[in-house]
Amino acid sequence: MSGISLRLALLGLGLVLAQPATAKERKPKLKPVPVVDQSAAAANAASAAAMRHLDAIARLDDAAGGPQLNAVIVFNPTAPAEAARLSATGRLKGRTVLVKDNVETKEWATTAGSLALKDNKTGRDAPLVARIRADGGVVLGKTNLSEWANIRSPASSSGWSGVGGQTKNPHATDRNPCGSSSGSGAAIAAGMAWAAVGTETDGSITCPASANGIVGFKPTVGLVSRTFVVPISHSQDTAGPMAASVFGAALLLSAMAGSDPADPATLEADKYKTDYTAGLGLSSLKGVRIGVLSKQSGKHPGVNRVFDRALMDLSAAGAVLVPIAYDFPPELGRDEGVVLYFELREDLDAYLAALPGTPPVRSLADVIMFNKDHANEELRWFGQETFIKAESPVDRAIYQKARANSLRLAGSEGIDKLLADNKVVVLIAPTEGPAWPIDLVNGDHYIGIGAGSLAAVAGYPHLTVPMGDVEGLPVGLSLIGPKWGDKLVLDLGAAYERARTVQLKAPSFKRWGE
């Protein structure tokens, strides 16, 4: 090929040959390549993320012209600097985490939403919080909650507390955020932190996650320490992660999980804990047998349409769906109630009695009296019927029988039997219905959807993943697995998250319908 032809050919490839150069000119003229300081870049990114989260709190939680979600009670203004410092530390690398205000942190008071504990600054971290810090997490602040984790009265409005007021749902600010971890759910939906810690006795992580359109995971009871967490029930209480994705929840759980000598329930946690993110992006639904709790999907047509779409996505991804007709035994709820009443008094009395300092309450009886003495602030919207009933003596033998029976019905004869008899690895159902209007006068309006109580009473893992919306109001898909099956449930949740075909709606920060 001639020199001219070669030059034309190279022009066709977008290249141009220069005139022949001398030997000296042929030496490449290399320009110095800027050295990128990876540690500086990571520190800047972590700091910038923390600044965005603080800005979201300022705009969406506090600003007079904003939606005033009331999701965050207190926050750390030095978080950006802390995030930069921790950007190369542990798993979390400076990521921000909000903590529900019934979990102790050394910086702030832990109130459980009650004015009785508004000055309860213990100066100590709950072990789960200490683990988050040690793994590189930045504790960004405390979130509002349903007062006393929604155990004070059956007539409560979820998300209301004497300390924080009424939390609002970012997807519709006149709608309820659901459950006692309402502030954590609303805050993550609104972009106020990377992730949050919630707690659950029965539905208090999964319901607010579903209603606010985020991921929430209630782990196996005993995987995460409950020490220095304001208690309801040692049989059912657990903390768990709430995040924008299954990966985020799995990553935070990896930091939170582990045995705690002060919490006997966690004796086996170190044996079962793992890196819950390992292989998460490769998990598959192909050939996986999944039990569909058809009766627990309820009768709401909008929820059923969304659930049907989720079932189609699961099937298209290769899952084998097995319909299961299951009815909740009526004695399950009855006996769960006996357990919660008994353990509430014993566990809360022990926690309050051991608090450092001079709190105004040292027992459940003290709390009842405090509320009566501050009725205008504490009892305006609903009472304390559950507290009063729990304060009444219950025979220990009756309690022990109720606990054994409820655990059997939910565990060995509930989830375990359903999984074994139907040869499935997890159970699924809608988590809850769409958010109802905030109603401080009449309280919450649950519509009886979901199977979360099975996992709550048994102490088994329960994950909720967004699956769509009903008229702009999110609903989640529940995945319930066997005891210590936390990794399995998260893997399948991540696989569904990738298979999901519905477009999730962003929060409107407006009233519903506007």
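The values are calculated or read from the model by the stated rules, or taken from the named source; none is laboratory data. Note that the structure is a prediction, hence the values are computed from the model and not measured. Glycine gets a Cβ as well: all are built from the backbone with ideal geometry, and neighbour counts include every protein chain shown.
Within the range 445-472, how many residues turn out to be among the aliphatic types (A, V, I, L, M), at pLDDT 95 or above and surrounded by fewer than 23 Cβ atoms within 10 Å (Cβ to Cβ)?
So the count comes out to 1.
Test residue 5 against the criterion of being modelled with pLDDT under 95 and of a type in the set (Ser, Thr, Tyr), and give yes or no.
For residue 5, the condition - modelled with pLDDT under 95 and of a type in the set (Ser, Thr, Tyr) - is met.
Considering the range 402-437 alone, what residues qualify as being basic (Lys, Arg) and either under 30 Å from residue 314 (Cα atoms) or in contact (Cβ under 8 Å) with a residue 12 or more places away in the chain (or both)? First the steps, then the outcome.
Filtering the range 402-437 down to residues basic (Lys, Arg) leaves 403, 408, 417, 423.
Of everything in the range 402-437, those that are basic (Lys, Arg) and either under 30 Å from residue 314 (Cα atoms) or in contact (Cβ under 8 Å) with a residue 12 or more places away in the chain (or both) turn out to be 403, 417, 423.
Quick test for you: out of 259, 294, 245, pick the one residue that is in contact with an Asp or Glu (Cβ under 6 Å, 6 or more places away or on another chain), within 23 Å of residue 218 (Cβ to Cβ) and of a type in the set (Gly, Ala, Ser). Lay out the reasoning, then the answer.
Values: 294 fails: in contact with an Asp or Glu (Cβ under 6 Å, 6 or more places away or on another chain); 245 fails: in contact with an Asp or Glu (Cβ under 6 Å, 6 or more places away or on another chain).
Every option except 259 fails the conditions.
Determine whether residue 230 is under 16 Å from the mean Cα position of the chain (by Cα) and not basic (Lys, Arg).
On the way: under 16 Å from the mean Cα position of the chain (by Cα): no; not basic (Lys, Arg): yes.
So residue 230 does not fit the description; no.
Does the range 236-292 hold any residues that are on the phi > 0 side of the Ramachandran plot and in contact (Cβ under 8 Å) with a residue 40 or more places away in the chain, and which are they?
258, 279, listed by residue number.
Kindly list the number of the only condition in (1) more than 18 Å from the chain's Cα centre (by Cα); (2) farther than 29 Å from residue 512 by Cβ; (3) β-branched (Val, Ile, Thr) that fails for residue 163.
(2)
Quick test of your reading of the structure: residue 350 fulfils all but one of (1) within 16 Å of residue 230 (Cα to Cα); (2) touching a helix residue (DSSP H, G or I) at 6+ places or on another chain (Cβ under 9 Å); (3) in a helix (DSSP H, G or I). Name the failing condition by number.
(2)
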